[in-house]
Amino acid sequence: MAQQKYLHQRPIQNPFSSSHLSNSSLSNRPISLLSRNGPLLLLLLLALLVILGVFLPWAGSPLFPFPTNTLSPSQSKWRDYSLAQAVQFAAKNGTVIVCAVSYAYLPFLNNWLISVSRQKHQDKVLVIAEDYATLYKVNERWPGHAVLIPPAFDSQTAHKFGSQGFFNFTARRPQHLLQIVELGYSVMYNDVDMVWLQDPFKYLEGRHDAYFMDDMTAIKPLDHSHDLPPPGKKGRPYICSCMIFLRPTSGAKLLMRKWIEELQDQPWSKAKKANDQPGFNWALLKTAHQVDLYLLPQAAFPTGGLYFKNKTWVKDTKGKHVIIHNNYIVGFEKKIKRFRDYGLWLVDDHALESPLGNLE
C-alpha cells in the first residue's frame, strides 16, 4: 500500500465545555539531637532519607504513577477528564472504538492506529490509558482521545502476561464497556496487537447485541454458523475477548455484568494465573439464551494461531482477511518480529499516517 500521510486538517475540537503549594516556615531555633526529642528526630530524619532514596530516582519517570513535579495546565485538565466526556467527544454517529493501553504498549497502539486510519475510522477512537504517562502522551499529540479511569496501574507489571498486574489490567475491560453502553453508545473494543486490513464495520450484520471472534485454530467452512460455538473440553467456548462489538441494548449490558461477576468469582492467584478471557466465555455461555450473540466469520477475523501458522489457509482465503490478531505468541519483541515478517509492522515506514505521528 502506498504510504499515506495523516492529513485530517479540521481544527482540533476542545473536549471541554468551558496547585497552589503552601509554604511552611521553619523555626530558627537550633534543635539538638541530644535533647529529649533527639532520638525521635533522628528516627524521623532516617525515615525521610529512606523515602527520598526510594522515590526520588523515579521522579519524572513515565512509569511513576503519581507525578511529583508540578503538572502543566494542559496535563492537569486531563486528570479530571471523565469517560462520559471522552466518549461524547470521540463518538461518531453513536459509535466509539476503544482500546486499553499502558505505556509499554504505545508502539503497538501507534501501529494499530495506522491501520485504523487507513479505513477512515480513526476519529472515533478513544484510548483508555492505564497510567498517567500514556494519558499525557496521547492527549499531547491528539487532544481529547485518551482518558484515564482511576486507579492508575503500574505500567511495569500490567503488561506481563499471566501476572496479577495483567489480570487487574484486563479485568477492568467489561466495566469500561458496560459504562459506555449504559451511556447509550455502541462500542467496538480492540486489543492493540491487531492490524486492520479492511473495514470491520461492514461485517457487523443485523442488529445483534454482541459480536465477537473465535480463538480456535480449527478451520471452519466459509459459511459456518454465526451462533455461539459449543463448549470445548473445559466446559466453555473458546471465544477471543480481543475484539468485541456491543450495541447499547439490555442484552449487551447483561453480558457485561455477567462477565464482571465471573471475574469476581474467579480472581487471580499464583496457582491459577487467570486472565479475563475465560470469564468472558463463561459469561457468553451462561447468557446465550438471553443475549442475541453473533460469531464473526473466521476468514475475516482469524486468530493469530491460524493466520500466522497455516500458510495454505491464508492463501485459500486471500482477500477475505479483515482484522489480524497477533496472539498465540508472548513477548513484545516476538510480536514485533512476527508483524515485521508479515509486513504488518507499519510504524517503521508509515508513522505519519497515525494521529500520534512518530513516537520515537
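The values are calculated or read from the model by the stated rules, or taken from the named source; none is laboratory data. As the structure is a prediction and not an experimental result, all values here were calculated from the model. Cβ sites come from the backbone with ideal geometry, for glycine too, and all protein chains shown count toward neighbours. Just the protein is used for accessible areas: all its heavy atoms, side chains included, with ligands, DNA and RNA removed. Shrake-Rupley method; radii C 1.70, N 1.55, O 1.52, S 1.80 Å.
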For this session: Out of Lys335, Lys320, report the one residue that is outside any loop (DSSP other than H, G, I, E, B), within 22 Å of Met188 (Cβ to Cβ) and among the charged types (D, E, K, R).
Result: Lys335
For this session: Take segment 190-238 and flag every residue that is under 21 Å from Thr249 (Cβ atoms) and of a type in the set (Ser, Thr, Tyr).
Result: Tyr203, Tyr211
Exercise. Out of all the residues in segment 341-355, is one or more open to solvent by less than 60 Å² (accessible area, probe 1.4 Å), β-branched (Val, Ile, Thr) and more than 24 Å from Lys137 (Cβ to Cβ)?
Worked result: no
Seminar exercise, completed: Counting only helices (runs of 4 or more DSSP H) wholly inside segment 108-171, the ones holding at least 1 residues that are at pLDDT 95 or above are 132-141
Seminar exercise, completed: Only one of (1) buried (at least 17 other Cβ atoms within 10 Å of the Cβ); (2) farther than 20 Å from Asn326 by Cα does not apply to Ala104, and that is (2)
For this session: Pick out the one residue from His325, His321 that is closer than 21 Å to Thr217 by Cα, of a type outside the set (Lys, Arg) and buried (at least 19 other Cβ atoms within 10 Å of the Cβ).
Result: His325
Exercise. Which numbered condition trips up Trp259, out of (1) aromatic (Phe, Trp, Tyr); (2) open to solvent by less than 40 Å² (accessible area, probe 1.4 Å); (3) under 21 Å from Leu346 (Cα atoms)?
Worked result: (3)
Seminar exercise, completed: The correct count of residues that are of a type outside the set (D, E, K, R), open to solvent by 10 Å² or more (accessible area, probe 1.4 Å) and outside any loop (DSSP other than H, G, I, E, B) in segment 197-236 is 2
Problem set entry | Subset of segment 79-92 (residues that are modelled with pLDDT of 95 or more, of a type outside the set (A, V, I, L, M) and out of contact with any Ser or Thr (no Cβ under 9 Å at 6 or more places or on another chain)) | Tyr81, Ser82, Gln88, Phe89, Lys92
